Amino acid sequence: MKYFVLVALLFLLGCGQKEERRKVDEIPMGYVGKARVNPYLAAEKYLDQQGWDVESSRTWSNYDDETQMIIVPGSFLQTKGMAMRVLDWVNQGGNLVITIEGGEPDRNDFTESDSGMGAFETEDYAGLAHVLEQFKISSSQYSYKAVEDNSKNRGHLSRPWELVKTKEEWGGHSLEFEGEVGLKIEKGRNWTQSEDGKSRMVGMNYGAGEVLVLAHARPFRNPYLARADHAEFLDHLSGRYGSAGKIVFLYGSANSFFGLVWKEGWMVVIAGLILLVAWLWMRIPRFGPILRDNLVKHQAYGESLITSARFLWRTGELGHLVRPLRAQLESENQGDPASFYDRLAEESGLPRDEVVEAFTIDPPKDPSHILKVAQKLQVFFKR
């Protein structure tokens, strides 16, 4: 009974204690789905709700007159050829918005570190450098008193930023800018101004169109569109540039997939091509028989004789086959040919006419005839 009461008391004490909750730190992992790939998805949907004709794309297309404004990251302009292609579109009446930093799709807005290309790292982007040089825009270090705001806003961490106000012509909107890129322009206008004369946004006319350069893409990116006056500024920008046509957000790369593979791994591509050629050389069937080495074949003595005889027969020179025997027998003749023939006929027992024929007829009539002549000469030789 005592033990039962003790167990009951312990049970009641355990139930009465408050469960201690462990603290769990929530680490934001970022968006999922399309928002993870497209940093301008929120801006695209916002403008669509406002009635604008808007789309986003990862690659540059042959845009026509219906496209009035294109927002593109500076890293998109990787080559001078790509920059000239884009500027040609502007020259025909298009309006281009370039963001120097923060426009890359692989940039993580949910970390405190930034992976932008920086103010002085444009050597890898020849197209962007060409545009800045074309409009006499200098990109330099920008000093500002950043706002340290680590408070969570809809689940994301806010990096240090500066609140900049656009000029009244641009609506006097308050915009947040990150990074340390300051812009100066010789022929154009500064639409935001700081104490050291460096701007965060500059613009200039080019042909029938206009180019607007922003130091950072923060006002357009998904987590920040609802902050400050970013949405109103985007609406104002669309009304200024895109009122008569389509608005396009480019968030990919100017290079194709194969272009990026070649740029980042050309050595691997070349090695693969060499291996492919070697494999094809081994696997592709031969066109024709194998050519054997042209080696000298040594024939037997009898085969050589037969081959030579056939050659002489085809060329009508069969007399050469019996001339050595005739010459050897005639070398033993000490007198006139008539007495020599008589002596051979007497010693061989052959008629004198056949003896004369064996020495004089040339060429023989046929192979059987030459065989008979040779046999007779052999008889004479043995006697």
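The values are calculated or read from the model by the stated rules, or taken from the named source; none is laboratory data. These numbers were taken from a predicted model, which means no experiment stands behind them. Backbone-built Cβ (ideal geometry, glycine too); neighbour counts: all protein chains shown.
Out of TYR31, TYR63, one residue alone is in contact (Cβ under 8 Å) with a residue 40 or more places away in the chain, surrounded by 14 or more Cβ atoms within 10 Å (Cβ to Cβ) and out of contact with any strand residue (DSSP E or B) (no Cβ under 8 Å at 6 or more places or on another chain). It is TYR31.
Which one is farthest from the chain's Cα centre (by Cα) among residues in region 32-70 that are among the small types (Gly, Ala, Ser) and within 18 Å of ASP235 (Cβ to Cβ)? Going through the qualifying residues, I end up with GLY51.
In the set (1) surrounded by 14 or more Cβ atoms within 10 Å (Cβ to Cβ); (2) free of Cβ contacts under 8 Å to residues at least 40 places away in the same chain, PHE380 fails one condition alone, (2).
Restricted to region 305-340, and to residues there that are more than 17 Å from LYS376 (Cα to Cα) and among the aromatic types (Phe, Trp, Tyr), the residue that is surrounded by the most Cβ atoms within 10 Å (Cβ to Cβ) is TRP313. Screening region 234-245 for residues that are more than 13 Å from GLN50 (Cβ to Cβ) and surrounded by fewer than 21 Cβ atoms within 10 Å (Cβ to Cβ) and picking the one that is modelled with the lowest pLDDT gives ALA244.
Per this entry, GLY94 is not counted among residues that are surrounded by 15 or more Cβ atoms within 10 Å (Cβ to Cβ), touching a His at 6+ places or on another chain (Cβ under 9 Å) and modelled with pLDDT of 75 or more. Within region 321-335, residues that are over 23 Å from LEU305 (Cβ atoms) have Cβ atoms under 6 Å from residues that are surrounded by 12 or more Cβ atoms within 10 Å (Cβ to Cβ) and at pLDDT 75 or above in these pairs: ASN333/PHE340, counting only partners at least 6 apart in sequence or on another chain.
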